[in-house]
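**Q** One structure, pasted below without further comment.
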Amino acid sequence: MKKSSNNNSKKKILIFVDYFLPGYKAGGPIKTIKNLVNELSSKFDIYIVTRNHDFGEETPYNNIESNKWNTQFNLKIMYLSKNKININGIKNILLETKYNLIYFNIFFSFYFSILPLLILLFINKQNYKILLAPRGEFSPGALRIKKIKKHLYIYLTKIIRLYHNVIFHATNEYELSHIRKYYRQNIIKIAPNISGNHESLLKRETKKLTGSINVVFLSRITEKKNLLFVIRILKKVTGNVNFNIYGPIDKDKEYWEKCLVEINKLPSNVKVTYHGPIENSNVQFLFSKNDLFFFPTFGENYGHVIWESLSAGCPVLISDQTPWTELEKFKAGWVYSLNKPHKFIEKINYLIQLDNYEYEKFYNGAQKYLSENLLYKEQIKKNIELFDT
């Protein structure tokens, strides 16, 4: 009887996320929630509401029951079918159990953030504790995409006070400043994303050849991730480049078409292969076979894929729109402004000329950066405090 009482006394957390396991094509957000709930599930009763299919797919996952609570990954998960992602379907979930906290993992998603908040507004939101993680959506680079539409929505939410009692979850001071610009009256709490465990560092699989380089881009093919910038930079480098692209094509197919046009303009020294999506379990091994991860994103609140690259000894070349800093100090990579494309070109040309012996310092630097800068236990502690207060 005592054991049953302890279980029932656990705080109940309801998490809304567009895509979750066993999906993998949505990338970082799935890894973010996976790492988080792995650490929280022993301390809280966690309920997750998500779609019943992966990003860019229509076919439901195998071995799950749609629109019912499934016990998967030591969690209770509601995989919603398309016909249940509506006002009634979401309202029933919100009302069927008294949750101690409702946690949203995106700001601009209509069905998995905006609509539930509107429902809560009409059923007395004050009775609920609400935490919302924008996941980098307030970064200047992210907000420049569909700028008018996004700013109009933010303006309207202030009129109806949609986020009046919402606490925002920022993953660092960098993201906090972006949120504060638009919702300065709200409480904003900081807890870092939980990275992979440092015991999962991987050995490098290939040797760097002088005069050539293996460059990889891994992310959703969408404007925010800035693949087009990568292609245009590679057009101007000297030496042989094997460029491998991984990731699902976003719903906006026009962006991929623009990328294809630029790929067809590349000189003969740059060989491009598009491989499609890759399962999470294969990502680290993929990075261990490449010399450079090129990721000039317009905005990330964290960037799990950067961690995965470094953990495999693959240095990164990224924009200054992420919280990853001091990479160059540790010889783990380079961070440049997107307004200085020549810096990216110069760095790739430099790396192309290195032999394996010279390149080894960057392989070692990548993993050293992780071991000295990312405090895994501290990340867990901060997140438990966030959800327990």
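**Q** Go through (1) out of contact with any strand residue (DSSP E or B) (no Cβ under 6 Å at 6 or more places or on another chain); (2) closer than 26 Å to Gly303 by Cα and name the single condition Asn63 misses.
**A** All conditions are met except number (2).
**Q** Need the failing condition index for Tyr155 against (1) exposed (fewer than 15 other Cβ atoms within 10 Å of the Cβ); (2) closer than 30 Å to Asn290 by Cα; (3) not basic (Lys, Arg), just the number.
**A** Failed condition: (2).
**Q** May I pose another question? Of the numbered conditions (1) in a helix (DSSP H, G or I); (2) at pLDDT 95 or above, Ile167 fails exactly one; give the number of that condition.
**A** Only one criterion is unmet by Ile167, namely (1).
**Q** Limited to segment 298-320, what total is found for residues that are crowded, with 23+ Cβ neighbours inside 10 Å, among the polar types (S, T, N, Q) and touching a Leu at 6+ places or on another chain (Cβ under 9 Å)?
**A** The number of residues fulfilling the criteria is 2.
**Q** Just one of the numbered conditions (1) without any contact (Cβ under 8 Å) to a residue 12 or more places away in the chain; (2) closer than 24 Å to Asp388 by Cα is not true of Phe122; which one?
**A** Every condition holds for Phe122 apart from (2).
**Q** Related question: Please give the strands (runs of 3 or more DSSP E) falling wholly within segment 19-127 in which 1 or more residues are of a type outside the set (Ser, Thr, Tyr) and either buried (at least 20 other Cβ atoms within 10 Å of the Cβ) or not assigned by TED's automatic domain parsing to the domain that holds Tyr153 (or both).
**A** Result: 45-51, 75-80, 101-104.
The values are calculated or read from the model by the stated rules, or taken from the named source; none is laboratory data. Please read all numbers here as calculations on a predicted model, not as lab measurements. Cβ: placed from backbone, ideal geometry, glycine included. Neighbour counts: every protein chain shown.
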